[in-house]
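Undergrad: The structure's right below; bear with me while I get my questions together.
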Amino acid sequence: MTPSCTYCGAGTRLAFVANDRNRGLSTEQFPYYTCVGCGFTFLSPVPDDLGRFYGDDYYALPKDSLTLATQAASEVYKADLVEQWAPGKRLLEVGPAVGGFACLAKQRGFEVTAIEMNQQCCDFLNNVVGIRALHSTDTDATLKTVGTFDMVALWHVIEHFRDPWVTLAGWVHYLAFDLFTGAWIV
């Protein structure tokens, strides 16, 4: 049985089946469906334990925050973008991993909070980098406890949410910048 569209609720058709081509840690097949009504394509079901698709090398922790900032040099454009458009300095990053972007934002004066599914990364961010990091695999529940922010950053994260529309609905008072279209989403 095909799932209903997670966006508009209409029927769907199987679009394609993919392997784990990102990190190659699984031989599982992942079905993607396309809505016959609105055209939205999505993975269903989203795996319950996303952490198993990220090997230890993905979370290789640097020795200190200076090394982290140096390694994060390729993420400077993200910090530039956020600095340019954030209406204030309270920033939430969902899924920072070891925290390169979060560290750069902190260096630019942002008060950064992070939500991360890897406990070691949270410990590193809290104890070494000095960023408040909350360990959670349930972003929606955690968002209800963290307060408000001037900017929310999700770099390569939203596609992992079981129902991204529920998560985004919790942030209707935030603006989002779509890097692909160059437009603000309200």
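Undergrad: Restricting to the stretch 98-117, name every residue that is under 15 Å from the mean Cα position of the chain (by Cα), modelled with pLDDT of 95 or more and not hydroxyl-bearing (Ser, Thr, Tyr).
TA: VAL98, GLY99, GLY100, PHE101, ALA102, VAL112, ALA114, ILE115, GLU116 - these are the residues of the stretch 98-117 that are under 15 Å from the mean Cα position of the chain (by Cα), modelled with pLDDT of 95 or more and not hydroxyl-bearing (Ser, Thr, Tyr).
Undergrad: Going by the conditions given, is THR137 within 30 Å of THR2 (Cβ to Cβ) and either among the hydroxyl-bearing types (Ser, Thr, Tyr) or touching a Cys at 6+ places or on another chain (Cβ under 6 Å) (or both)?
TA: For THR137, the condition - within 30 Å of THR2 (Cβ to Cβ) and either among the hydroxyl-bearing types (Ser, Thr, Tyr) or touching a Cys at 6+ places or on another chain (Cβ under 6 Å) (or both) - is met.
Undergrad: If you don't mind, there's one more thing I want to ask. Of the conditions (1) farther than 25 Å from PHE149 by Cβ; (2) open to solvent by 80 Å² or more (accessible area, probe 1.4 Å); (3) not in a loop (DSSP other than H, G, I, E, B), LYS63 satisfies every one except a single condition; which number is it?
TA: That leaves (3) as the condition not met.
Undergrad: Can you tell me how many residues in the stretch 3-52 are of a type in the set (Ser, Thr, Tyr) and in contact (Cβ under 8 Å) with a residue 40 or more places away in the chain?
TA: So the count comes out to 3.
Undergrad: In the stretch 17-49, what residues are exposed (fewer than 15 other Cβ atoms within 10 Å of the Cβ), of a type in the set (A, V, I, L, M) and within 28 Å of GLY100 (Cα to Cα)?
TA: Result: LEU25, single match.
Undergrad: Give the residue, chosen from THR70, THR6, that is touching a helix residue (DSSP H, G or I) at 6+ places or on another chain (Cβ under 7 Å) and of a type in the set (Ser, Thr, Tyr).
TA: Answer to the selection: THR6.
Undergrad: Among the residues of the stretch 140-151, write down those that are in contact (Cβ under 8 Å) with a residue 60 or more places away in the chain and surrounded by fewer than 18 Cβ atoms within 10 Å (Cβ to Cβ).
TA: The answer is ASP150, and nothing else.
Undergrad: Further question: Just to verify a result, which residue in the stretch 112-139, among those that are open to solvent by 50 Å² or more (accessible area, probe 1.4 Å) and part of a helix (DSSP H, G or I), is nearest to LEU92 (Cα to Cα)?
TA: ASN126
Undergrad: Among the numbered criteria (1) more than 18 Å from GLU159 (Cβ to Cβ); (2) under 19 Å from the mean Cα position of the chain (by Cα), which single criterion is violated by ARG52?
TA: The one condition ARG52 does not meet is (1).
Undergrad: Here's something else I'd like to know. Kindly establish whether LEU14 is open to solvent by 40 Å² or more (accessible area, probe 1.4 Å), farther than 15 Å from ARG162 by Cα and assigned to a strand (DSSP E or B).
TA: In short, yes.
Undergrad: When you scan the stretch 88-111, do you find a residue that is part of a helix (DSSP H, G or I) and out of contact with any helix residue (DSSP H, G or I) (no Cβ under 9 Å at 6 or more places or on another chain), even just one?
TA: Within the stretch 88-111 (the criterion being part of a helix (DSSP H, G or I) and out of contact with any helix residue (DSSP H, G or I) (no Cβ under 9 Å at 6 or more places or on another chain)), the answer is no, since none of the residues qualifies.
Undergrad: Out of ILE185, ILE131, report the one residue that is touching a strand residue (DSSP E or B) at 6+ places or on another chain (Cβ under 6 Å), of a type in the set (Val, Ile, Thr) and at pLDDT below 85.
TA: ILE185
Undergrad: For the stretch 98-107, does any single residue satisfy the condition of being within 20 Å of THR148 (Cβ to Cβ) and surrounded by fewer than 16 Cβ atoms within 10 Å (Cβ to Cβ)?
TA: No - not one qualifying residue is present in the stretch 98-107.
The values are calculated or read from the model by the stated rules, or taken from the named source; none is laboratory data. All figures in this text were calculated on a predicted structure; none of them were measured in a lab. Note: ideal-geometry Cβ built from the backbone for every residue, glycine included; neighbour counts use all protein chains shown. Note: areas computed on protein heavy atoms with side chains; ligands, DNA, RNA excluded. Shrake-Rupley method; radii C 1.70, N 1.55, O 1.52, S 1.80 Å.
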